[in-house]
Structures are given as structure tokens and as C-alpha cells.
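Contents: one structure, followed by commentary.
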Amino acid sequence: MTLKGRSFLTLKDYSKDEILYLIDLAAELKAKKKGGAVTSRVAGKLLEGKNIVLLFDKTSTRTRCSFEVACYDEGAHVTYLTNSQMGKKESLEDTAKVLGRLYDGIEYRGFAHSIVEDLAAFSGVPVWNGLTDDDHPTQVLADFLTAREHLGKPLSEMKLAYIGDGRNNVANALMIGAAKVGMDYAVASPSSLLPSPSLVAECKAWADENGSAITITTDPKEAVKDADIIYTDIWCSMGEEDKMAERIGLLKPYQVTMELLRSTGKKTLFEHCLPSFHDLNTTTAQAVKEKFGLSEMEVTDEVFRSPSSVVFDEAENRMHTIKAVMVATLSDTLG
Ligand code: CP
Ligand code: NVA
């Protein structure tokens, strides 16, 4: 299989086999980094001589650092750009053409999903989506690798239940990814925060092909029945900070608690893309506590710190999976 020259904008564009190939490649790259057996296809520096630009219009810890460390590990050079002219003093099209002349690959994190699509259309080099308002595909590769490591069974034999804001970028990406790999997916959200009917219809068609089920409900208890993984994300995504009062009102009953985690009646992992408001150790959480009297938001501190929680493995796996995406789409030497 070769994915060389492809952009990575959404898992919609990738087949089941291609997604599994990226996750397998990430596992091999992880073993290589940790001093394990190095398969011939990942031997050597796989991105030597490549120049990569990371464009960030939103804040980031994991994604930015994962791209940078992955580049350093595999011998690429990297530019981090937060204050470009793009869209302000220069059109997106012109900026994309310039970056395509200078760089071998472009990562973009920001707002409208159309920006990554246009960057890919105009730059002529692979573009990787580091999060848009609608999608977060590199996150899902890390979440699926982590689930496979902990549950030791194929993704197609798992069920993931997403509880909370079911129409945000992470939830959308998880539903697409689950449908593509044949994983059962259930989402529980208040009716105003359920995924869009058109995305659900697209995903149901893939899920039918791959023998999995998609359940849409407003009832968290129904969603988590038989779940191998319970997943949540923050209640107000970047750019939605002014919606806090409304979201707290809607989503408080969707907080992931020990009671919900235990109600599956089986071994269930807790996953979260991070960052998370599980305690009061951030200025945002402090402000919410002062205004709304809430000490924990989308997940309780008890669940976050419980043995079921694999959130820091997910965070580490962001780097291994992002490395796999760059290597697969760019490397001249990948065997
Ligand atoms: N999960 C994730 O994308 O984290 P950052 O916002 O820190 O990049
Ligand atoms: N839904 C969150 C994910 C952060 C990684 C956001 O967009 O802010």
C-alpha cells in the first residue's frame, strides 16, 4: 500500500485498510522509537531532507508538539507559524502556492474546514488536518491505537460510546473513524448537540458496509451499554467560549461519572482527547467555578484519574500516529 502524496484532511477520504495501515505503521514507529524490533520498512530516518510547516490559528499543546517531535525523530526540519499573512494581507490561494514551493508538507489547525481543503487544492503538497471546526482526524488514529493496545482485540470488535457535545470536531471524527473500521459507535447528547443528520447518514452507509452499528440517543445509559470505551470532550470547543452558560445547562447530565463508567458492567476504558476540565487547576475552570459553582465539567476527577483512564497514553500516541501520517504521505524511503 502507498499513501505517498495524499493529504490527510478527514478519515472520510480513507478506506478501512488505509486507516488500519496507518495505525499499524504507528505501532511500528512506536516500537522503533522505544528501542524495540525495527522492521525493515521503518529502518533509518524516514523524513530526511523534508521541510514541514505547521500553521496554527488555534492554540495547541499535543498536536503542535507531536508534529515537531515526529519531525525531529525522523530527520525533517520544521517551521511553526502562527502569525502568517494568510487571509489577512494575502489570499489563502497565494499563501498556499508560496508554502507549496518552500515546503514538502503543510499542517493546518484552525477554524473553517474549507481552509484545509483549499490549502490542499492550491499548495500541491500533502496537507494534514491538525483540527478544524468540523474534524480532528489525527486524534482518532491515536485513540484507536490506544484502544487496541489496552483491549487487545480488533477495532471491529469494539464499541465506543461518546457522551457530551456529539457534534463537535472530535465526535464527528470518531463517528467517521468508527464507521470506517467497523467499530460500533453510540453517541449520547442533548438533542440540540446531536451530530448532523447528513453526517450520520454518510457514516451509517460506511457502518453498513463494515458490519457495525451507529446509535444516536439522548440517553447516556443507553449509549454506554456494552461499551468498551467511554469517550468525552470539553463542552465548549475553541471558538465557542461564549456558549459556556448554555452548554453547562445542557451538558451537566452528560458528565462522565464513576456511576456511568461502572454501568457498562464490563472492563471499559475512559478516553478523552485532552485538554480536560476535570479539576480546578486551570484559570478557565476557576472562572466556571466562580460563576456557575461547578468544580468538574465533562468528566469527574475520579474517572479521569482512575485505572480505566488511558488519556495520557492517547496523548503519547498522538505523536506516533502523526508521525505515521507524515511518513506514509511523504517518505521516499518507507519500505
Ligand atoms: N488533543 C489535542 O488536539 O490537543 P491540543 O489541543 O493540545 O493539540
Ligand atoms: N473539541 C475540542 C478539541 C480540542 C483538542 C476543541 O475543538 O477545542
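Suppose the chain between PHE111 and SER40 were pulled fully straight at 0.36 nm per residue; how much longer would it get relative to their current alpha carbon spacing? Each step should come with its number before you reach the end.
Details: separation 71, 0.36 × 71 = 25.56 nm, distance 3.91 nm.
That pair, PHE111 and SER40, stretches by 21.6 nm at full extension.
How far, in degrees from 0 to 90, does helix 137-151 lean away from the longest principal axis of the Cα atoms of the chain, to the nearest 10?
Result, in degrees: 60.
Could you list the square roots of 5 times each eigenvalue of the Cα gyration tensor of the range 125-281, that is, the equivalent ellipsoid semi-axes, sorted largest first and rounded to whole Å?
Result for the range 125-281: semi-axes of 22, 19, 16 Å.
What whole-number value in cubic angstrom gives the convex hull volume per residue for the C-alpha atoms of the range 111-178?
95 Å³
For helix 92-102, what angle does its Cα long axis make with the longest principal axis of the chain, in degrees from 0 to 90 and rounded to 10?
For helix 92-102, the angle is close to 50 degrees.
Whenever you get a sec, compute what percent of the accessible area on the range 285-335 sits on carbon and sulfur atoms (1.4 Å probe).
50 percent
What accessible area per residue, rounded to a whole number of Å², is obtained for the chain using a probe radius of 1.4 Å?
Per residue, the chain has 40 Å² of solvent-accessible surface.
Within the set LYS159/LYS204; LYS159/LYS221; LYS88/LYS289; LYS267/LYS323, which residue pairs have Cα atoms separated by over 26 Å?
Flagged as over cut-off: LYS88/LYS289; LYS267/LYS323.
Just the Cα atoms of the chain, one point each, no solvent: what log10 I(q)/I(0) does Debye give at q = 0.08, 0.09, 0.12, 0.13 Å⁻¹?
-0.36, -0.46, -0.83, -0.98
Just want to confirm a number: the relative contact order over the chain, from Cα pairs under 8 angstrom separated by 6+ residues, in percent.
The value is 21 percent.
Can you list the residues, at least 5 places off or on another chain, whose amide H is less than 5 Å from the amide H of TRP128, using H built in the peptide plane?
The list, which skips near neighbours in sequence, is PHE8, ILE106, GLU107, TYR108.
Of all GluC sites (Glu not before Pro) in the range 194-277, which ones are in loop regions per DSSP and have a Cβ with at most 15 other Cβ atoms within 10 Å?
Answer in residue order: GLU240.
Once neighbouring chains are kept in place and the probe is 1.4 Å, which whole percent of the accessible area of the range 21-68 is contributed by carbon and sulfur?
C and S fraction of accessible area: 51 percent.
What are the ³J(HN,Hα) couplings of the range 222-230, residue after residue, when phi is run through the Karplus curve with 6.51, -1.76, 1.60 and θ = phi - 60°? Round to Hz, x for glycine and proline.
In residue order, the calculated couplings are 5, 5, 7, 4, 6, 6, 8, 9, 10 Hz.
With a cap of 13 neighbouring Cβ atoms within 10 Å, and only residues DSSP puts in a loop, list the trypsin sites (Lys or Arg not before Pro) found in the range 25-83. Working shown, then result.
Details: sites: LYS30, LYS32, LYS33, LYS34, ARG41, LYS45, LYS50, LYS58, ARG62, ARG64; in loops: LYS34, LYS45, LYS50, LYS58.
Those that pass, being in a loop and sparsely packed, are LYS34, LYS45.
On a straight-distance basis, which aspartates and glutamates could pair with LYS291 in a cross-link, Cα separation under 16 angstrom, same-chain partners fewer than 8 positions away excluded?
Filter leaves GLU241, ASP242, GLU246, ASP279.
Per the 1.4 Å probe, what fraction of the accessible area of the range 108-148, in percent, lies on carbon and sulfur atoms?
Carbon and sulfur together cover 52 percent of it.
The values are calculated or read from the model by the stated rules, or taken from the named source; none is laboratory data. Here the structure is a predicted model, which is why all the values come from computation and not from measurement. Every residue, glycine among them, receives a Cβ derived from its backbone with ideal geometry; neighbour counts consider all protein chains shown. Areas reflect the complete protein model, heavy atoms only, side chains present, ligands, DNA and RNA absent. Shrake-Rupley method; radii C 1.70, N 1.55, O 1.52, S 1.80 Å.
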